[in-house]
Amino acid sequence: MQNRLLASILAGVFGFGAPLALQAQDGPGGFTTRATSAYVLDLGTGTVLLEKNADEPLPPASMSKLMTLEMLFEAIKEERLALDTPFSVSQRAYQMGGSRMFLEMRERPTAEDLIRGIAILSGNDAAVVVAEGLAGTEDAYARLATQRARELGMENTTITNASGWPDPLHLMSKRDLVTLAAYMIDEHPEFYPYLSEREFTWNGITQENRVPLLQAGVGLDGLKTGFTSEAGYSLTGSAQQGNRRIVFAYGGLNSTAERVQEAESIINWAFRQFAEVSVVQPGTVLAEAPVWLGEVESVPLVVAEEARALVPTIGSATLNARVEYDSPLPAPIAAGDVLGKLVVDLPEMDSVSFELVAGADVAEGGFMVRAQAAALRLIALARGQALGDPSDTALN
């Protein structure tokens with residue numbers, strides 16, 4: 001019988017004191033956001049810093065153009081087209097209202113032109129051109145984009161058009177927008193710089209990038225704004241300071257000024273109120289797990305890579321950690337096999353976990369080991385006990 005073992009690890013060595021008191025807040029340390037929905041992620045550690053109505057499907061407005069860009073980036077990466085591939089401009093694309101690249105039907109913009117037209121100018125016409133060029137029709141594109149969103153883990157996304165034009169069925173959650181943005185940053189670093197270009201000129205018309213604070217020195221370098229009367233003023237953004245990068249999305253604000261102020265507030269809070277600390281170094285033995293039918297009785301559990309966590313910097317906090325694994329672990333075991341996890345409880349935040357792997361090989365035991373195990377099992381059964389009873393193996 002296998003039992004879950006919980007081994008507490010004293011965390012005083014990390015230099016933290018008493019835990020912070022909980023407050024009414026949206027994020028740790030008393031931070032509140034004016035947005036009606038928001039999600040903030042530290043990309044390096046995978047730590048969720050803030051979530052507020054993060055999984056509610058809401059109108060994404062032009063932020064859904066990130067999905068259009070993602071579909072275009074993938075087509076280029078898979079060599080189905082190139083940056084200099086020309087696209088045709090349909091009458092439907094030409095007649096699109098709202099923010100525009102000002103494409104003409106006689107023109108043949110390249111894929112690179114259209115990337116800039118969407119990323120910098122938020123062109124509804126450019127988004128339709130891309131959708132029709134990739135899938136034949138915008139409806140066909142919408143089906144493909146929704147399917148791709150599911151593949152990326154975006155469970156609360158339904159795409160009905162390429163531009164974010166208001167449609168009651170066209171919905172994305174803030175968590176999904178951050179998932180998409182983080183994927184684009186990780187998978188398409190060669191294309192990401194387009195999203196921070198300051199301006200673009202087409203047909204003699206120069207327009208500035210709608211993303212605020214690009215040159216404000218706070219590290220913001222993309223991705224996409226959005227606005228409709230239903231969605232309010234919204235932003236999906238990313239900022240980098242030093243070795244840390246955050247990705248965030250929020251919506252429901254009342255003005256462009258509020259959108260700018262909220263972006264700066266989130267960025268300042270996320271970078272100034274959290275510090276990345278080392279929890280444990282690779283190779284450090286965190287537990288000796290019992291082995292069943294092995295040539296030795298236990299196997300060391302270690303982290304394969306340095307475990308780092310993000311913790312609030314205001315006040316002091318105790319980090320409590322525990323090792324979780326099933327016991328006993330059956331032989332044979334190879335060094336590097338994932339056998340459990342190290343769970344670190346963070347103050348005011350969700351726990352984070354790190355994989356624990358075998359620190360050594362353990363071969364199967366020979367005949368005598370198996371005979372002895374069988375005998376012990378028979379004795380235990382005769383006594384009405386089961387091997388691996390928690391009272392025999394619990395660690396304190």
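Summary of values
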quantity	calculated
Which numbered condition residue 273 misses (of (1) surrounded by 15 or more Cβ atoms within 10 Å (Cβ to Cβ); (2) out of contact with any helix residue (DSSP H, G or I) (no Cβ under 8 Å at 6 or more places or on another chain); (3) at pLDDT below 95)	(2)
In the stretch 228-241, residue surrounded by the most Cβ atoms within 10 Å (Cβ to Cβ) [restricted to those that are at pLDDT 95 or above and out of contact with any Leu (no Cβ under 8 Å at 6 or more places or on another chain)]	235
Residues located in the stretch 168-207, provided they are of a type in the set (Asp, Glu), open to solvent by 10 Å² or more (accessible area, probe 1.4 Å) and either touching a residue at least 60 places away in the same chain (Cβ under 8 Å) or part of a helix (DSSP H, G or I) (or both)	186, 187, 197, 199
Complete set of residues in the stretch 53-103 that are under 28 Å from the mean Cα position of the chain (by Cα), buried (at least 20 other Cβ atoms within 10 Å of the Cβ) and not hydrophobic (A, V, I, L, M, F, W, C)	59, 60, 62, 64, 65, 68, 70
Checklist (1) closer than 22 Å to residue 121 by Cβ; (2) out of contact with any Pro (no Cβ under 7 Å at 6 or more places or on another chain); (3) open to solvent by less than 50 Å² (accessible area, probe 1.4 Å); (4) not in a helix (DSSP H, G or I) applied to residue 210, failing item	(3)
Per-region count, the stretch 309-353, residues of a type in the set (Val, Ile, Thr), in contact with a strand residue (DSSP E or B) (Cβ under 6 Å, 6 or more places away or on another chain) and part of a loop (DSSP other than H, G, I, E, B)	1
Some residue of the stretch 245-264 being under 11 Å from residue 218 (Cα atoms) and either open to solvent by 50 Å² or more (accessible area, probe 1.4 Å) or modelled with pLDDT under 95 (or both)	yes
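The values are calculated or read from the model by the stated rules, or taken from the named source; none is laboratory data. What you see is a predicted model, and the numbers here were worked out from it, not measured in a lab. Using ideal geometry, Cβ is built from the backbone for each residue, glycine included, and neighbour counts are taken over all protein chains shown. Each accessible area value is taken on the protein alone, full model and side chains, heavy atoms only, with ligands, DNA and RNA left out. Shrake-Rupley method; radii C 1.70, N 1.55, O 1.52, S 1.80 Å.
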